[in-house]
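The structure under discussion appears below in the form of structure tokens.
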Amino acid sequence: MPLALSAWGVCSVCTRSLERRITTCPQCGLPAANRDLPCGRCLKKSPPWSALVAVDDYVPPLSGLIHALKFSGQSSLAQPLARLLLLAVLQARRTRALPKIDMVVNVPLYRRRHWRRGYNQSDLLCRPLARWLGCCYDASALTRVHATAIQHQLNARLRKRNLKNAFRLELPVHGLHIAIVDDVVTTGSTVAELSRLLLQSGAASVQVWCLCRTL
């Protein structure tokens with residue numbers, strides 16, 4: 001369908017088709033009986049972040065767009081995908097009373113992987129989000145200090161071990177409410193490690209915003 005604004009990249013019909021069709025926990029983002037209260041998993045062992053916002057599960061057409069952004073060099077997809085995430089965040093603020101944040105941070109790539117890809121897709125999502133929401137963003141706030149194995153090739157236990165001490169915080173975050181922006185959250189190991197680092201460094205709260213939460 002024609003777009004009212006070409007920069008949006010995704011029409012309203014397709015945008016509506018991406019709305020999550022199952023009830024998910026507001027904290028971990030996994031299937032749950034109630035969309036307003038933490039699920040049994042979170043009550044038993046809460047993740048380090050306070051809330052998770054996702055556009056959809058990792059299913060077509062969103063999965064194909066993310067794959068093209070990450071692995072086919074189609075960086076122009078970042079802004080329309082960021083807009084989908086913005087709509088999900090604004091919806092969560094209306095329906096879940098999601099608190100506003102002071103800063104967004106990206107999930108850093110190791111420098112060799114960043115060089116090979118030519119960009120960090122998380123960074124490309126953060127830039128327009130920070131501008132639209134009027135919050136702070138510094139692409140260098142977090143760095144990955146050593147190379148790690150590719151996460152999607154590992155099971156949950158190895159993912160957690162793979163990321164231990166992999167990141168370093170480069171900026172003061174004391175008292176700030178922060179959102180970590182990622183393309184896909186699978187086991188949550190990466191965003192959990194980053195959340196712990198931010199909270200240990202004095203952040204007031206951490207949210208996770210992602211395009212896809214695998215269910």
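The values are calculated or read from the model by the stated rules, or taken from the named source; none is laboratory data. No experiment lies behind these values; they were computed from the predicted model shown. FYI the Cβ positions are ideal-geometry reconstructions off the backbone, even for glycines, and counts take in every protein chain you see. Protein only, heavy atoms only, side chains kept; ligands, DNA and RNA dropped before computing areas. Shrake-Rupley method; radii C 1.70, N 1.55, O 1.52, S 1.80 Å.
Quick look at the numbers
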read-out	value
Qualifying helices (runs of 4 or more DSSP H) (wholly inside region 32-114; at least 2 residues being under 26 Å from F167 (Cβ atoms) and open to solvent by less than 60 Å² (accessible area, probe 1.4 Å))	62-71, 78-96
Residue satisfying all of: in region 176-215; assigned to a strand (DSSP E or B) and either among the charged types (D, E, K, R) or free of Cβ contacts under 8 Å to residues at least 24 places away in the same chain (or both); surrounded by the fewest Cβ atoms within 10 Å (Cβ to Cβ) among these	D183
Single unsatisfied condition, R16 versus (1) surrounded by 12 or more Cβ atoms within 10 Å (Cβ to Cβ); (2) not in a loop (DSSP other than H, G, I, E, B)	(1)
Qualifying position, being of a type in the set (V, I, T) and modelled with pLDDT under 95, among I150, I101	I150
Neighbours by Cβ (under 8 Å, 6+ apart or cross-chain): first from region 157-175, open to solvent by less than 100 Å² (accessible area, probe 1.4 Å); second among the hydrophobic types (A, V, I, L, M, F, W, C) and modelled with pLDDT under 95	L158/A149; N162/A149; N162/L154; A166/V145; F167/V145
